[in-house]
Amino acid sequence: MPIDEKFVENLEVVGKTSHADGENFHFIWGKGRSDGAAFSNDEVKAAYEAHGEEQVPLGIHGTTVAVDWDECTAQGSCMSVCPVQTFQWYRTEKDIPAADCLDNTFEGTGKTEQDERLDYTDKSQPIREHDCTQCMACQEACPEKAILIEPSYQSYHEKAAGTFVEMKGGSVNPHAHD
């Protein structure tokens, strides 16, 4: 099932994943759901079994570059088309259960090529969401429709982060903190 286009309105932020640069991070939305494509994919299920890990709902990672980890089946199509390496295979940096990415910090040193995943438990992590050029190539390439690129959701990111500033007339003042 395609990613919920209104996830920022329908889900709550449950945590975040930070970039080790100390400045950038992406939010994790919702507790996830167990009816996503990852739960019915035999390669994904076998990989979780090989790890001895329980497959659990993981939610949507990112806001303006959102990846539904319950839909992601680790095909890597997004990585093969991204011109700025927005994504990394999270397990190639930290081989931990996906649920442990919640409130964790990553250097951004994971593998970024389509076939470099550790295995099918790996997920496409939008670790460099802040670098996305909104070319939409990843959204179009994803076979599971697990990615949504929506630049207008930046305001939801800022509201969740407590940095949103609204000026009279409804426009945002990007220099409000200068």
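Read-outs: derived from the displayed coordinates by stated rules, not from any lab. What you see is a predicted model; the values in this text were computed from it and never measured. So basically every Cβ, Gly included, is an ideal-geometry build from the backbone, and we count neighbours across all protein chains shown.
Brief remarks on what is shown
- Length gained when the stretch residue 133-residue 85 is fully extended (0.36 nm per residue, less Cα-Cα span): 16.2 nm
- Angle between the chain longest axis and helix 42-51 axis [Cα atoms, degrees, rounded to 10]: 80 degrees
- Rh (Kirkwood; distinct C-alpha pairs) - segment 55-152, Å: 13.0 Å
- Restricting the calculation to Cα atoms, segment 17-99 shows an Rg/Rh of 0.95 when the hydrodynamic-style radius is the Kirkwood one.
- Label-point gap, in nm, between residue 12 and residue 113 - each point 7 angstrom along Cα→Cβ: 4.3 nm
- Each peptide in 71-77, 130-136 receives the mean, over its residues, of other Cβ atoms within 10 Å, and ordering these scores from highest gives 71-77, 130-136.
- Cα-based Kirkwood hydrodynamic radius, segment 1-44, one decimal, Å: 12.5 Å
- Pairs from the table (31/111; 31/123; 94/159; 16/111) lying more than 23 angstrom apart at Cα are 31/111; 94/159.
- Alpha-carbon radius of gyration plus Dmax, which is the widest Cα pair, for the chain in Å: 15.9, 56
- Cys residues of the chain counted as unpaired, since no other Cys beta-carbon is under 4.7 Å: 72, 82, 101, 132, 135, 142
- Segment 12-115, dipole about Cα centre (Lys/Arg Cβ +1, Asp/Glu Cβ -1), debye to the nearest 20: 160 debye
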